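Working notes, structure below.
The values are calculated or read from the model by the stated rules, or taken from the named source; none is laboratory data. As the structure is a computational prediction, the values presented were derived from the model and not from experiment. Quick reminder, even Gly has a Cβ in these numbers, built from the backbone with ideal geometry, and neighbours come from all protein chains shown. Each accessible area value is taken on the protein alone, full model and side chains, heavy atoms only, with ligands, DNA and RNA left out. Shrake-Rupley method; radii C 1.70, N 1.55, O 1.52, S 1.80 Å.
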Amino acid sequence: MCGMARPRKPLLSRERIVSTALALIDAEGLQALSTRRLAAELGVSGPSLYNHFTTKDEILDAVADTVIAEVDVSTFASGTDWRAGLLDWARSYRAALAAHPQIVPFLAQGPGRRPAGLKMADAAFGGMVEAGWPPAQATRVCAMVRYFVAGSALGSFARGFVDDPSAYDPTDYPHLGQAHLLAEHQRQVDEGAFETGLRALVDGLALQHPELAPPDGR
């Protein structure tokens, strides 16, 4: 009789390495990622990772690009108002980063040579220039959006306040009587703050540059 076949281990691939690395970063932060730890999570020997990635930094680049690849920049290519392009891009950008806040400090360093990051930058900058923005100003606007999105996704304003009412003695903090409720309404507070700020940024740019309004005045 033939012995029972041993269960096969899942084949190691770039995709599996990246998804496991992202899950590890999501759960424990950037500092938890090492080739040794990642190999252990994958159930393989450390050297086998080098068949797919030469260094840990290459793995991080691939993880970061996987996150950025989820950002939708298609509105810029649709020929609509530049304001719609910025709004849709920023919202999609924040959603991608907010889903993986632990990778944000790495992403904040810029796209480097990462293809998805460069494609996103090219689409946003190109969309603004094609809408009539001078290249130097388009660069500053795209940088401003990136700063705003990364800061918003990095942490929660609402969860920065403890839910203990006794922490807010009215003698010391007469205006924080409801601060203990903020964490309970995290999504409403944080997403509302982002949307308020984003609208203010875009509306402010439109007021400064009325000559860049679309032909129909929308």
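A compact table of results
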| read-out | value |
| --- | --- |
| Members of the range 33-66 found to be open to solvent by 70 Å² or more (accessible area, probe 1.4 Å), more than 12 Å from residue 20 (Cα to Cα) and of a type in the set (Asp, Glu), listed by number | 57, 58 |
| The range 164-211, residues that are of a type in the set (A, V, I, L, M, F, W, C) and either in a loop (DSSP other than H, G, I, E, B) or under 15 Å from residue 87 (Cβ atoms) (or both) | 176, 182, 194, 198, 200, 201, 202, 205, 206 |
| Residues (open to solvent by less than 50 Å² (accessible area, probe 1.4 Å), in contact with a Phe, Trp or Tyr (Cβ under 9 Å, 6 or more places away or on another chain) and free of Cβ contacts under 8 Å to residues at least 24 places away in the same chain) located in the range 110-143 | 138, 142 |
| Residues that are more than 18 Å from residue 113 (Cβ to Cβ), open to solvent by 80 Å² or more (accessible area, probe 1.4 Å) and either in contact (Cβ under 8 Å) with a residue 24 or more places away in the chain or of a type in the set (Val, Ile, Thr) (or both), drawn from the range 9-26 | 9 |
| Total residues in the range 28-70, condition in contact (Cβ under 8 Å) with a residue 24 or more places away in the chain, touching a helix residue (DSSP H, G or I) at 6+ places or on another chain (Cβ under 8 Å) and not acidic (Asp, Glu) | 18 |
| Which numbered condition residue 184 fails, given (1) out of contact with any helix residue (DSSP H, G or I) (no Cβ under 7 Å at 6 or more places or on another chain); (2) at pLDDT 95 or above; (3) under 26 Å from residue 25 (Cα atoms); (4) open to solvent by 70 Å² or more (accessible area, probe 1.4 Å) | (2) |
| Of all residues in the range 93-139 being of a type in the set (Phe, Trp, Tyr) and closer than 22 Å to residue 22 by Cα, the one that is farthest from the chain's Cα centre (by Cα) | 106 |
| Only listed residue being modelled with pLDDT under 95, closer than 23 Å to residue 148 by Cβ and among the aliphatic types (A, V, I, L, M), chosen from 95, 77, 64, 40 | 77 |
| Test: residue in the range 94-113 that is closer than 15 Å to residue 198 by Cβ and among the polar types (S, T, N, Q) | no |
| Subset of the range 144-167 (residues that are β-branched (Val, Ile, Thr) and either surrounded by fewer than 13 Cβ atoms within 10 Å (Cβ to Cβ) or over 20 Å from the mean Cα position of the chain (by Cα) (or both)) | 162 |
| Boolean, residue 125 is in a helix (DSSP H, G or I), within 30 Å of residue 192 (Cβ to Cβ) and at pLDDT 95 or above | yes |
| Subset of the range 81-109 [open to solvent by 70 Å² or more (accessible area, probe 1.4 Å) and outside any helix (DSSP H, G or I)] | 109 |
